[in-house]
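Here the structure is laid out as structure tokens; the discussion comes afterwards.
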Amino acid sequence: MASIHAEVVINSSPEQVWAAIRDVGAVHRRLLPNRVADTRIEGDIRILIYPDGQVIRELIVDVNDTTCRLAYAVIEGARQPITYHHASFQVFPEGPDRSRLVWITDLLPDALATETRARIERGAQDMKRTLEEAAAL
């Protein structure tokens with residue numbers, strides 16, 4: 001099983017970063033406004049709609065305010081056939097106005113690891129930029 005681990009330090013308070021991460025229905029506004037066109041919530045399912053029309057359905061597994069951790073699983077819509085996917089975000093303090101965002105993704109098949117790692121690393125940088133811009137307002 002491929003396990004991808006990405007970390008990024010964000011110049012924004014842990015409270016602000018966690019508020020954006022835990023807002024599961026606002027990915028298109030608070031985290032990835034240039035990569036996700038819309039987000040909908042249907043019960044425990046988050047639906048991400050991309051600018052090219054691709055739709056990804058994710059099961060929101062856990063939103064834990066104590067540990068500042070969000071866990072989710074892609075259940076439908078990936079372009080490549082994923083047989084298993086589980087991911088989590090966790091926010092850690094890096095001082096009063098900085099945070100460390102840790103994004104861990106486990107997936108099968110292993111052959112998707114290189115492409116998925118590149119997408120996650122780009123996504124982490126995009127989230128960093130968006131969150132820092134919001135903190136500067």
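Every number in this text was worked out from the coordinates using simple rules, so none of it is lab data. In this text the structure is predicted, and so the values were computed from the model without any measurement. For neighbour counting, all protein chains shown are included, and Cβ atoms are generated from backbone atoms with ideal geometry for every residue, glycine included.
Some observations on this one:
- Dipole axis of the chain (+1 Lys, Arg; -1 Asp, Glu on Cβ), positive-most option in Leu131, Ile82, Ala6: Leu131
- Taking Cβ atoms as reference points and 10 Å as the exclusive limit, the residues near Val27 contribute a net charge of +1, counting Lys and Arg as +1 and Asp and Glu as -1.
- Furthest towards positive pole of dipole, Trp18, Val61, Tyr50, structure part segment 1-104, Cβ charges: Tyr50
- Remark: relative contact order (segment 29-94) = 21 percent; criterion is Cα-Cα distance under 8 angstrom and separation of 6 or more residues.
- Relative contact order [Cα under 8 Å, 6+ residues apart], the chain, whole percent: 33 percent
- Taken over segment 53-116, the alpha-carbon convex hull comes to 116 cubic angstrom per residue.
- Sorting 123-131, 33-41 by their mean Cβ neighbour count within 10 Å, with the most densely packed peptide first, gives 123-131, 33-41.
- For the peptides 56-68, 9-21, the ranking by packing is 9-21, 56-68, with the highest mean count of neighbouring Cβ atoms within 10 Å listed first.
- Scaled against 2.2 N^0.38 Å for its residue count N, the alpha carbon radius of gyration of the chain is 1.00.
- Placing dummy labels 7 Å off each Cα toward the beta-carbon, the span from Glu76 to Glu115 is 2.1 nm.
- Residue-span extension gain [Val102 to Glu42] - 0.36 nm each, minus C-alpha spacing: 19.0 nm
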